[in-house]
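Structure record follows, encoded as structure tokens.
The values are calculated or read from the model by the stated rules, or taken from the named source; none is laboratory data. Given the structure is predicted, the values throughout are model-derived calculations rather than measurements. Quick reminder, even Gly has a Cβ in these numbers, built from the backbone with ideal geometry, and neighbours come from all protein chains shown. All accessible areas refer to the heavy atoms of the entire protein, side chains included, with ligands and DNA or RNA removed. Shrake-Rupley method; radii C 1.70, N 1.55, O 1.52, S 1.80 Å.
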Amino acid sequence: MKIAHRAIATGLGVTVALCCLWADAARAESVEADAAATLAEADHVIADKSPTSPPDSAAATGSESAEPAESPHSPVNSLNLPKPAKPAKPAVGVVATAVPIAADRDQEPIAQESASQEQASQERASQEPELAADSPRADASESIGGDSAPVAQANDSSSNPDPLGNVPSAPGSLGDRPEGNTEADELVIQRLESDPNPLQFPTLPEEVRILLTQPITLEQALEIGRRNNRDLRQAYLSIESSRAQLRQAIAANYPQLRFSSSLTDSLTAGSRLNLLLQNRAARRVGNFGGQVDIDTQDQFTWSSALELSYNIYTSGLRPANIAAAQAQLRATELSLEATFEDLRRDITDSYYRLQQENEQLKIDQSAVKFREQSVKDAQALEKAGLGTRFEVLQAEVELANDRQLVVQTRDRQTQRRRELARLLSLPEAIDIQTADPIAKAGEWTLPLADSIVLAYRNRAEIEQQLAQRELNSAQRRARLSQLGPQLSAFARYELLDVIQPDDDFSLVSGYSTGLQLQWTLFDGGAARAQARQESVAIEQAENGVGRARDRIRFEVEVAYSNLQANAENIQTSLKAIESAQEEVRLARLRFQAGVGTQTDRLNAETRLTRARGNVLIAIIGYNRALAALNRAVSNLPPGTIQPVPEPIQLPELVDAPTGPTTP
């Protein structure tokens, strides 16, 4: 019998081991094939997809790509460039002057892709099938049925095709930058990188006092935000957590090997009772020498066990959990892309708003100079007997109002500057200022209908809802699998020894093998109720697709309308400012000649200030609308934003006349 038992145990152990090895080999082969396919897909997308054109520096890439082409876009294909290492934080207190901004930011990039890589990418791109119109991205995981060893699909949304790899690499940029930074740009960016330790915070006022104001370009601001922003870092950590969850789910494919060991000193109540009964029986028969001392009968016992177990059949629970983990990973990667795009829009919008306040402050200060000269002229006319006290008071009131506007604009400028600093997570002792001139950023080449369709294809929010639907579907299968049979195999080997001085035998060994079947025949309807919850969640995700589509269309339409309106306002306001400047010139001449009034001149100067502000509002509004449209569509194909043929900039401010103007 013992020989038969040993043969059965050995055969079962060998069978379980062979099944595990076969499943492991099949899984490794499938993962390798998926990884190769994903690498080809990633190379194809990187070769075809140029960086998105930002509103500040749109590169001319050819007008033939203005037509909306299908752009296969995986969740973070735009994030595939490697994340630069964090440089050592410079000593802020030592900084005395700002690093000069590079005069030419369009120099040759430091590093470029080799010609062989580009050729290989183009060859792979020619073999890729076109993307279906109703699904802009490939699914992260395939539906897994049955209970065969599931394969963790390589996710298109990661630069690393291995689903068990590290967190995806950081985005290369938040804007359409040149392929490489100049050395001066990189020096500025490194200086403005925040402390990589989030737990370190200042405790003294000297540590938060502003010691340096650094002018930066929009291009540099986007790169600094990519490296520093806390929300983006949080999204990376969420992906890392989801990858760990996927690895945990895949671990169910493998057998579990457990080892346990214990050393005990025991004299249980049952043992004491048995000894007392034995002593009483010995006393009854007069065998007083056969009695034992109970307090010396405790036993030191050492036991160890090695157990191997494997879930042979789980009614689909194991593949459902893996599919749910894959869908969760895809959802977090899509969330990273949405955070990435939102950050780029927010930084661009904040930069333009700061530009607007800077220029508005100059306009208000110029208006104050005009008012001061008007007061001097009114006072001179009053002394000469050609003016009245009323005109002097009128000019002084206008001067006080304009000075209040300067204070208010300066306050908004400070707020905008600190808002941008918050988005960039700058070091405590450094403040920033804009270095780019105010000018029209670019021209949108797509019509409205094509922009809407392209947004449906490129936005991550729609795919997020689809990924959530896949997650809920996998969780529903997992809930229902709890009602099915669960079959597992186990093999256990034990060692036992009683440690006593009079021990005359060695270790005692034993083993046990077998199969275990568990089947929940009735659970009160709990599993089906959980499955129903997931079914409702699936319907919510499907409804979320429609909601996201409606919201995306509205965002595109609003941004497109604002872009067109501000484009018209730019031309109108430029003509208005020319007329306002001529009106001010004539009003001053009429006033000096004695045929005009102080009120006419003040009104003309007020209209000139308003016209200058309107030009500023129109240009900045156009750039902000272009940035909003860029975000509303996302992942633009090359040539969508073209550079302005004739750059339009703010007109030069004319200084107020100096010296007496008394006629």
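Among Lys383/Lys575; Lys440/Lys575; Lys376/Lys440; Lys362/Lys440, which pairs are too far apart, with a Cα-Cα distance over 28 Å?
Lys383/Lys575; Lys376/Lys440
Specify the inter-centroid distance of segment 350-364 and segment 503-567, based on alpha-carbon positions, in whole Å.
Cα centroid of segment 350-364 versus Cα centroid of segment 503-567: 48 Å apart.
Leaving out ligands, DNA and RNA, what percent of the accessible area of segment 218-278 is carbon and sulfur, probe 1.4 Å?
It is 52 percent, rounded to a whole number.
Quick check: the distance between the Cα centres of segment 445-476 and segment 413-427, to the nearest angstrom?
Here the answer is 32 Å between Cα centres.
Treat each spin label as a single point 7 Å out from the Cα along the C-beta direction, and report the Leu199 to Glu568 distance in nm.
Label-label distance for Leu199 and Glu568, simple model: 5.9 nm.
Using the heavy atoms of the protein chains alone and a 1.4 angstrom probe, what is the accessible area of segment 372-456 per residue in square angstrom?
Each residue of segment 372-456 exposes 48 Å² on average to a 1.4 Å probe.
What's the extension gain from Glu557 to Tyr254 if we count 0.36 nm per residue and subtract their Cα-Cα distance?
Difference between extended and current length: 103.9 nm.
With every protein chain present, what is the per residue accessible area of segment 294-360 (1.4 Å probe, Å²)?
31 Å²
Grab the other residues whose beta carbon is less than 9 angstrom from that of Pro198, score K and R as +1, D and E as -1, and report the net.
Overall, the nearby charge balance is +1.
Within 14 Å, Cβ to Cβ, of Phe490, how many net charges do the neighbouring residues add up to if Lys/Arg are +1 and Asp/Glu are -1?
Charge balance in the 14 Å sphere: 0.
First measure r as the distance between the Cβ atoms of Thr268 and Ile312, then evaluate 1/(1 + (r/R0)^6) with R0 = 25 Å and state the FRET efficiency to the nearest 0.05.
E(calc), rounded to 0.05, equals 0.10.
Give me the extension gain from Val407 to Ala384: residue separation times 0.36 nm, minus the current Cα-Cα distance, reported in nm with one decimal.
4.9 nm
If each residue of separation counts as 0.36 nm, what is the full-extension length gain between Val498 and Glu443 once their alpha-carbon separation is subtracted?
The Val498-Glu443 span can extend by a further 11.1 nm.
Roughly how many percent of the accessible protein surface of segment 296-412 is carbon and sulfur, given a 1.4 Å probe and a whole-percent answer?
50 percent
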